[in-house]
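In what follows, a single structure is set out as structure tokens and then discussed.
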Amino acid sequence: MKKKRIITIIIICVLLLGILLAIFVIKRKRSAETVPEYVFLYADNQTEDYPTTQGGRYFADLVYERTDGRIKILVKYGGEMGSEGEAIEQVRYGGIAFARVSLSQLAEKIPDMNVLLLPYIYDDSAHMWRVLEGDIGDEFLKKTDAYDLVGLSWYDAGARNFYSSEAPITCLEDFEGKSIRAQESAIMSDMVSALGATPVEVVYSEVYSALELGIVDGAENNWPSYEAMKHYKVAPYYTIDEHVRVPEMQICSKAVWDSLSEEYKEIISECAKESAVYERNLWKEREESSKKIAMENGTRIIELTAEEKRRFREAMKDLYEKYCGNQMDLVEKIMKY
Ligand code: GTR
């Protein structure tokens, strides 16, 4: 009887030991699995809830999932990693692995890109997307190679419009004597000059205070940026002229890219493209909601007459030759695309 009890106790002890050992092994395996092989930084200068930042997060989550946690991407937003120009430089040298940037900023480094942001080159959003999703768009993603970058995907940034603080812009003459904020970009500054105003290049994060302090009389951007950065509070006149569509790109550092396996490169490319579809859907909703928020807060919309739009276009036409004189065949092709 006593012997039987001892055997039972031994069996229970062995079983308990076995269970403890199994738990230990599983735990070790799990913690080994979740230690990423790579931790990368991703820069965006927009707010946390902005479509591009959300697109970046979606991209990071997809990559994490599909590499079983071996690649972790930390999305830094709100310009935490510096201005877009600075972010591009850091991506170039591999300090930051990824970024989402405005094409106007990339065009400062790779001037061929200017062709995709010429004023009025696209009839509408659908036209721009035909170009970006076709052979031309693919070719321009590859052009980033010239600056030691890898272009991954295109993000939407809608159409840009002018807005002003004291008086509305209703016609070309209203630009006279005004200082207008421009992105840190030669072509964007020249657009403002061509319309008759004085361009003042201001980094994105400082535009609100430049408007508030009267350093500039106006600026230009899409509805979501105008709303997300609260510019409507200091510049309530929003003129629908759609002078330019500046697409945005997700980029990767070439130094980082070259260090990755083929498997990882493929996953990253796929996830970037999927995140772009996600961003474009968010973009459509945000354009609407931003417009609504701005209007509820007192923004007055100014619609230009067809004749006035024609005059805006005419005023800016010399920029085609100045920035893309060597690419006029491509300009024609894009316009007919
Ligand atoms: C926004 C864009 C930002 C930044 C900004 C600007 O539309 O998403 O990345 O380029 O414009 O005007 O500086």
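Things worth noting here:
- Among the residues making up the stretch 88-109, those that are surrounded by fewer than 23 Cβ atoms within 10 Å (Cβ to Cβ) and of a type in the set (D, E, K, R) are GLU89, ARG92, GLU108, LYS109.
- Yes/no for GLU206 being surrounded by fewer than 20 Cβ atoms within 10 Å (Cβ to Cβ) and under 25 Å from GLY82 (Cβ atoms): yes
Residues are listed down the side, and each one gets a yes or a no for (1) in contact with a Ser or Thr (Cβ under 9 Å, 6 or more places away or on another chain); (2) in contact (Cβ under 8 Å) with a residue 60 or more places away in the chain; (3) under 20 Å from SER290 (Cβ atoms):
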position: PRO199; (1), (2), (3): yes, no, no
position: VAL203; (1), (2), (3): yes, yes, no
position: GLU206; (1), (2), (3): no, no, no
position: GLY218; (1), (2), (3): yes, no, yes
position: TYR232; (1), (2), (3): yes, yes, yes
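- Which listed residue is under 24 Å from GLY56 (Cα atoms) and not basic (Lys, Arg), from GLU296, GLU227: GLU227
- Qualifying residue in the stretch 235-254 (condition: surrounded by 16 or more Cβ atoms within 10 Å (Cβ to Cβ), away from the ligand (no atom under 11 Å from the Cβ) and part of a helix (DSSP H, G or I)): yes
- Exactly one residue among SER164, SER179 is in contact with a Pro (Cβ under 9 Å, 6 or more places away or on another chain), polar (S, T, N, Q), touching a residue at least 40 places away in the same chain (Cβ under 8 Å) and closer than 20 Å to PRO236 by Cβ, and that residue is SER164.
- Qualifying positions in the stretch 193-234 - assigned to a loop (DSSP other than H, G, I, E, B) and of a type in the set (Val, Ile, Thr): VAL202, VAL203, ILE215, VAL216, VAL234
- Some residue of the stretch 288-307 being of a type in the set (Lys, Arg) and crowded, with 16+ Cβ neighbours inside 10 Å: yes
- Enumeration of residues in the stretch 71-87 that are crowded, with 17+ Cβ neighbours inside 10 Å and of a type in the set (A, V, I, L, M): ILE71, ILE73, VAL75, MET81, ALA87
- Odd one out for ALA219, checked against (1) within 15 Å of the ligand (Cβ to nearest atom); (2) crowded, with 17+ Cβ neighbours inside 10 Å; (3) over 22 Å from the mean Cα position of the chain (by Cα): (3)
- The sole residue among GLY78, GLY85 that is within 14 Å of the chain's Cα centre (by Cα), closer than 30 Å to MET328 by Cα and within 15 Å of the ligand (Cβ to nearest atom) is GLY85.
- In this structure, GLY69 does satisfy being out of contact with any strand residue (DSSP E or B) (no Cβ under 6 Å at 6 or more places or on another chain), at pLDDT 95 or above and over 24 Å from LEU141 (Cα atoms).
- When residues in the stretch 153-195 are screened for being within 16 Å of the ligand (Cβ to nearest atom), farther than 23 Å from GLU287 by Cβ and either among the charged types (D, E, K, R) or not assigned by TED's automatic domain parsing to the domain that holds ALA219 (or both), 2 of them pass.
- Restricting attention to the stretch 126-135, the residues being surrounded by fewer than 17 Cβ atoms within 10 Å (Cβ to Cβ), in contact (Cβ under 8 Å) with a residue 40 or more places away in the chain, outside any loop (DSSP other than H, G, I, E, B) and not basic (Lys, Arg) number 1.
The values are calculated or read from the model by the stated rules, or taken from the named source; none is laboratory data. Given the structure is predicted, the values throughout are model-derived calculations rather than measurements. Glycine gets a Cβ as well: all are built from the backbone with ideal geometry, and neighbour counts include every protein chain shown.
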